[in-house]
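Single-structure report; data block below.
The values are calculated or read from the model by the stated rules, or taken from the named source; none is laboratory data. This structure is a prediction, so every number in the text was calculated from the model and none was measured. Every residue, glycine among them, receives a Cβ derived from its backbone with ideal geometry; neighbour counts consider all protein chains shown. For the accessible areas, the whole protein counts, side chains as well, though only heavy atoms, and no ligand, DNA or RNA atoms are used. Shrake-Rupley method; radii C 1.70, N 1.55, O 1.52, S 1.80 Å.
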Amino acid sequence: MNHWPFVIAAYVLTLGATGVLTLASLRAMRRDEGRAEALRRP
Amino acid sequence: MRAKNQRMTLVLLGMGAMLIAALLAMWGLRDRAALFLSPGDLRTRSVPAGQAVRIGGMVRPGSLVRAPDGVSLSFVVGDDTPRTVPVSFRGVPPDLFREGSGVIAEGSFAPDGRFVAAELLAKHDENYKPPDKVAAAHRTETLR
Amino acid sequence: MHALANPARFLSFARPLTPWLGWGGAALLGASLFGGLFLSPRDYLQGETVRIMYVHVPTAWLGMGGWAALAAASASHLVWRHTLAGIAARAIAVPGAVMTALALATGAIWGRPTWGTWWEWDGRLTSMLLLFFLYCGYLALNAAERERGGEAKLSAIFGLVGAVNLPVIHFSVIWWNTLHQPPSLTTEGSAIDASIAWPLLGSTIGFTLLFAAIVLMRMRAILGQARFAARLRRAAA
């Protein structure tokens, strides 16, 4: 049995999910901090 | 005692009690949570012929015999007790199935005491080595 | 530690720390996974599938470590009533659940060529699946509690109760006959050859740093939401 397809599947899955999680968290942080900043009193 | 010290004591006591309860529950589960019976377990537990069960242990070195038909094989499973179980299997075993290595067999006992496996799973051990550092033949020391 | 409970002080160090952890973790992770895929040797028995370990072990460790941190934050939330601790617990839940799911998935992908099965209901696999369901339960309970505007006390208690599963996961392979192998790294030493172990060490640290950055980002998002709501109320008043 060739093992590389299993290895590649595991890496693609892990890096894909970690990447999506990181970018989603980053975007949420920028959005929520930005909205709060926009309401700041001068 | 101040309120936060009270809460701290409560949390610690609660955690301790839950931990003890969980450990007791796991101790009670230890037989039923086992995935397989080892040959040593079979000394104290008799399994009637025909009943579906999983047994596991080491494939005894030198015991593996492949039949001329190419799909039947038989071997002997042992553990650190003197007891062994002869197993026969028809089919393709997993890549990591080999002598001196762990195996889990799903199937049932035939009336003559031989274990007829419908499925074989290879058990991997905790050792990781590159090919050029393996001096002797493969041998798993631990059953678990 | 109590000084950190102040959100303003927390932000003053979380803001500069986030990019350092994120980029540092990503760089270390990239280098280690490259090493794990192309530089380290294959295993004498498993062959190339040993490389799955470099993503499986860190995700499993973070799934479990995530709940340990969630439980610690829950305890501090309950004992000292630190709002920030409740926010930390809530910020850990989603990344922890993702890591646990990845550990289960990569384990199944490794199990198929190695054991000969994707899944078996053995002690280790079952208790790890339970951890994933605990994360889901925490998220549902926490969302329901926040909707009612409470302090999320029940989810904090749930976080503590769920921590009981962590020793069960760890000792499952020692207590019971399981398909999963026992730990390779123990206090008595390593059963993993150094040439195979170094990418594992690097990817574990890299994943951990990245996980910390993700948690900080999520905490900052929650604090931003709270500030936004407070300013909106003040503007309306």
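Based on the Cβ-Cβ distance from C:ILE205 to B:ARG60, what FRET efficiency comes out when R0 is 45 Å, to the nearest 0.05?
Working: r = 42 Å, r/R0 = 0.93.
Efficiency, from the Cβ-Cβ distance: 0.60.
What Kirkwood hydrodynamic radius, in Å, does chain B give when the mean of 1/r is taken over all pairs of distinct Cα atoms and then inverted?
About 18.0 Å, per the Kirkwood formula over Cα pairs.
Out of B:VAL116, B:VAL71, B:VAL87, any idea which swings most in a Gaussian network model of chain B, alpha carbons joined below 10 Å?
Comparing B:VAL116, B:VAL71, B:VAL87 in a Gaussian network model of chain B, the most mobile one is B:VAL71.
Name the residues of the stretch C:169-212 whose accessible area, probed at 1.4 Å, falls by at least 40 Å² once all protein chains are in place instead of their chain on its own?
Residues shielded by partner chains are C:TRP175, C:TRP176, C:ASN177, C:LEU179, C:GLN181, C:PRO182, C:ALA191, C:ASP193.
Just to confirm, what accessible area per residue do you get for chain C at 1.4 Å probe, in whole Å²?
On the way: 9690 Å² over 237 residues.
That works out to 41 Å² per residue.
Ignoring ligands, DNA and RNA, how much accessible area is buried between chains B and C, both sides summed, with a 1.4 Å probe, to the nearest 100 Å²?
In total, chains B and C hide about 3900 Å² from solvent.
Kindly report the accessible area of chain B per residue (heavy atoms of protein chains, probe 1.4 Å, no ligands, DNA or RNA), in Å². Mind showing how you got there, number by number?
Details: 8070 Å² over 144 residues.
With the other protein chains kept in place, chain B gives 56 Å² per residue.
Label-point separation (nm) for C:ARG233 and B:GLU119, each offset 7 Å from Cα along Cα-to-Cβ?
5.6
Taking every residue in A:27-34, how many Cβ atoms of other protein chains lie within 10 Å of its Cβ, on average?
Numbers: counts 2, 7, 11, 4, 4, 10, 10, 2.
Mean shielding count: 6.
If I build a Gaussian network model for chain C, linking alpha-carbon pairs within less than 10 angstrom, which residue out of C:LEU129, C:LEU185, C:LEU21 has the largest mean-square fluctuation?
Most flexible of the set in this elastic network: C:LEU185.
Between C:SER12 and B:ASP31, what FRET efficiency follows from the Cβ-Cβ distance if R0 is 60 Å, with the result rounded to 0.05?
Working: r = 55 Å, r/R0 = 0.92.
Taking R0 as 60 Å, the efficiency between C:SER12 and B:ASP31 is 0.60.
Once each part is reduced to its C-alpha centroid, what is the distance from the stretch A:2-29 to the stretch C:75-137 in angstrom?
16
Label points 7 Å out from Cα along the Cβ direction at B:ASP132 and A:ILE8: separation in nm?
2.7
State the percentage of accessible surface on chain B attributable to carbon and sulfur atoms; use a 1.4 Å probe and exclude ligands, DNA and RNA. Let's see the in-between values first.
Values: 4640 of 8070 Å².
After summing per-atom areas, the C and S share lands at 57 percent.
Using a 10 Å cut-off around each Cβ of peptide C:49-59, what is the average number of partner chain Cβ atoms that fall inside? Intermediate results must be reported in sequence, preceding the final value.
On the way: counts 9, 6, 7, 8, 2, 4, 8, 2, 0, 2, 4.
Partner Cβ neighbours, averaged per residue: 5.
Rg and Dmax of chain C, Cα atoms, in Å?
Just the Cα atoms of chain C yield Rg and Dmax of 19.8, 71 Å.
Other chains' Cβ within 10 Å of C:73-82 residues: what's the mean? It would help to have the intermediate numbers written out before the result.
Numbers: counts 0, 1, 6, 2, 0, 6, 10, 3, 3, 0.
Other-chain Cβ atoms within 10 Å of each residue's Cβ, averaged: 3.
What is the spin-label model distance, in nm, from B:THR9 to C:ILE174 if the labels are put 7 Å beyond Cα along the C-beta direction?
Here the answer is 3.3 nm between the modelled labels.
Checking buried surface per residue: for the stretch B:12-33, which residues lose a minimum of 20 Å² accessible area in the protein assembly relative to the chain alone (1.4 Å probe)?
By number: B:MET15, B:MET18, B:LEU19, B:ALA22, B:LEU23, B:MET26, B:ARG30, B:ALA33.
For the stretch C:85-132, just say rounded, prolate or oblate: build the C-alpha gyration tensor, square-root its eigenvalues into a ≥ b ≥ c, call rounded for a/c under 1.5, and beyond that prolate if a/b exceeds b/c, oblate if not. Let's see the in-between values first.
Numbers: a/c = 5.51, a/b = 2.50, b/c = 2.21.
Prolate shape, in that a/c is at least 1.5 and a/b is the bigger ratio.
Under DSSP H, which helices of chain C have Cα atoms covering 18 Å or more of the helix axis and a Kyte-Doolittle average no less than 1.0?
Numbers: long enough: C:7-34 (39 Å, 0.74); C:53-80 (39 Å, 0.89); C:83-114 (47 Å, 1.12); C:123-147 (36 Å, 0.70); C:194-236 (63 Å, 0.97).
What comes out of the filter, once short or polar helices are dropped, is C:83-114.
Summarise the accessible area of the stretch C:186-237 (1.4 Å probe, protein heavy atoms) by the percent that is carbon and sulfur. Show your work: numbers first, answer last.
Values: 1620 of 2410 Å².
That fraction is 67 percent.
Could you calculate the FRET efficiency of B:ARG43 with A:ALA38 from 1/(1 + (r/R0)^6), where r is the beta carbon distance between them and R0 is 60 Å, rounded to 0.05? Walk me through the numbers before you get to the answer.
On the way: r = 74 Å, r/R0 = 1.24.
It comes to 0.20.
Give a quick list of trypsin sites (Lys or Arg not before Pro) in chain A that DSSP marks as loop, anything other than H, G, I, E or B, with at most 10 other Cβ atoms within 10 Å. Spell out each step's value before the answer.
Numbers: sites: A:ARG27, A:ARG30, A:ARG31, A:ARG35, A:ARG40; in loops: A:ARG40.
The qualifying sites are A:ARG40.
Which value, in square angstrom to the nearest 100, describes the accessible area buried between chains C and A on both sides, using a 1.4 angstrom probe?
Values: alone 13020 and 4320 Å², together 14340 Å².
So the total buried area for this chain pair works out to about 3000 Å².
Of C:SER203, C:ALA91, C:GLN46, which is farthest along the charge dipole of chain C in the positive direction, counting Lys and Arg as +1 and Asp and Glu as -1 at C-beta?
C:ALA91
Where does the Debye-calculated log10 I(q)/I(0) of the protein assembly as shown sit at q = 0.09, 0.15 Å⁻¹, using only Cα point scatterers of equal weight, no solvent?
-0.66, -1.38
Cα axis of helix A:4-38 to longest principal axis of chain A: angle in degrees, 0 to 90, nearest 10?
So the inclination is approximately 0 degrees.
Between helix B:3-29 and chain B, what is the angle of the helix's C-alpha long axis to the longest principal axis, kept within 0 to 90° and rounded to the nearest 10?
The helix B:3-29 is inclined about 20 degrees to chain B.
Tell me the net charge near B:GLY113. Cut-off is 14 Å between Cβ atoms, B:GLY113 excluded, with +1 for each Lys or Arg and -1 for each Asp or Glu. Show your work: numbers first, answer last.
Working: positive: B:ARG43, B:ARG83, B:ARG114; negative: B:ASP112.
With Lys, Arg at +1 and Asp, Glu at -1, the neighbours total +2.
Which residue, C:ALA221, C:ALA71, C:ALA93, has the most motion in a Gaussian network model of chain C that connects Cα atoms within less than 10 Å?
C:ALA221
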